[in-house]
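Asker: Quick one: this structure, given as structure tokens, is what I'll be asking you about.
The values are calculated or read from the model by the stated rules, or taken from the named source; none is laboratory data. This is a predicted model, so every value here is computed, not measured. Don't worry about glycine lacking a Cβ; one is built from the backbone with ideal geometry, like all the others, and counts go over all protein chains shown. Just the protein is used for accessible areas: all its heavy atoms, side chains included, with ligands, DNA and RNA removed. Shrake-Rupley method; radii C 1.70, N 1.55, O 1.52, S 1.80 Å.
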Amino acid sequence: MAKKYNCPKCGCEVGMGNINVEKDILLCSSCGETSRFSEIVDLEREAEEEDSSRRLLNSKPPKHLKVISDPIDMTGRISLIYRKFSPTAFFLIPFTCAWSGFSMTAIYGSQIASGKFDLQASLFGLPFLVGSIVLVSVCLFCLFGKRVLTLERGNGKYFFGVGFIGIFKRFTYDRQTKVREGETSYTVGGGRHGGGSPLSEIHLTHPNNSNTVRVCAGMSDDALDYVAAVIRREASKV
């Protein structure tokens, strides 16, 4: 069944024969007015998103997502906290212990035991030391990592990390901000031959700003849907 579109000027239904997608034109035979077809598609998509958001916000937050708001707080601040244990830890932790433990013991442990400093060996071990720090950091995130999105009257803050150590991002939003679910520029899985799938995230765009704000990468699909619904609701208040 073909999708139906209505004229934004008079509300009458427009047949597909009066729509030119390539030229981005919709001609209404009832009122004779023309409109940009892409704008009509965007308006219909926004209406569908708003309807979906209302249904989501009437339900409980999905698993692993906690929503914190204080009705007494006059700033209207709301925080969304996502924590989820990653099964990758079952493989990564033993691997890190074996790989880092062996390399650090062989390169630096022997120097400590003998009480002699070997500059050449120490320099050779720097890549292994950096790799160990990275692996330990990833292990900690798999166990205790969190994503925190805070919204407060047009000002947003996003945190991705462990405890107070991680990546902070600040941004602004208002009722003109478009909230869409998109994909990251990197992929996960796929093995050595590639072919992995990109992580999903939320994209915030504004007609007065060419930059796209990207937040919440790696959340589950149901959590992303809920967070996007909250952002749309809060943006409509600004």
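Asker: So which residues in segment 68-96 are surrounded by fewer than 14 Cβ atoms within 10 Å (Cβ to Cβ) and of a type in the set (Lys, Arg)?
Answerer: ARG83
Asker: Restricting to segment 97-109, and then to whatever is surrounded by 12 or more Cβ atoms within 10 Å (Cβ to Cβ) and without any contact (Cβ under 8 Å) to a residue 24 or more places away in the chain, can you tell me which residue is nearest to GLY125 (Cα to Cα)?
Answerer: Here the answer is ILE107.
Asker: Here's a follow-up. Let me confirm something: among GLY145, GLY154, GLY115, GLY125, which residue is over 29 Å from PHE85 (Cβ atoms) and either in contact with a strand residue (DSSP E or B) (Cβ under 7 Å, 6 or more places away or on another chain) or β-branched (Val, Ile, Thr) (or both)?
Answerer: GLY154
Asker: Step by step: first the residues of segment 110-134, then only those that are under 23 Å from LEU92 (Cα atoms) and out of contact with any Ser or Thr (no Cβ under 6 Å at 6 or more places or on another chain), then the one that is least open to solvent (accessible area, probe 1.4 Å). Which residue is that?
Answerer: Per the stated criteria, the residue is GLY125.
Asker: Separate question: Looking at ILE133, ILE81 in this structure, which one is of a type outside the set (Ser, Thr, Tyr) and assigned to a strand (DSSP E or B)?
Answerer: ILE81
Asker: Next up: Between a residue in segment 50-66 that is on the phi > 0 side of the Ramachandran plot and any residue that is at pLDDT 90 or above and open to solvent by less than 60 Å² (accessible area, probe 1.4 Å), which pairs come within a Cβ distance under 8 Å, given they are 6 or more apart or on different chains?
Answerer: Qualifying pairs under 8 Å: HIS64/TYR82; HIS64/SER220; HIS64/ALA223.
Asker: Follow-up question, since we're still on this one. Select from segment 1-24 the residues that are loosely packed, with under 11 Cβ neighbours inside 10 Å and either of a type in the set (Ser, Thr, Tyr) or part of a loop (DSSP other than H, G, I, E, B) (or both) and list them in ascending order.
Answerer: Listed by number, the residues that qualify are MET1, ALA2, LYS3, LYS4, GLY11, GLU22, LYS23.
Asker: A further question follows. Name, by its number, the condition in (1) surrounded by fewer than 16 Cβ atoms within 10 Å (Cβ to Cβ); (2) modelled with pLDDT under 80 that does not hold for GLU49.
Answerer: It is condition (1) that GLU49 fails.
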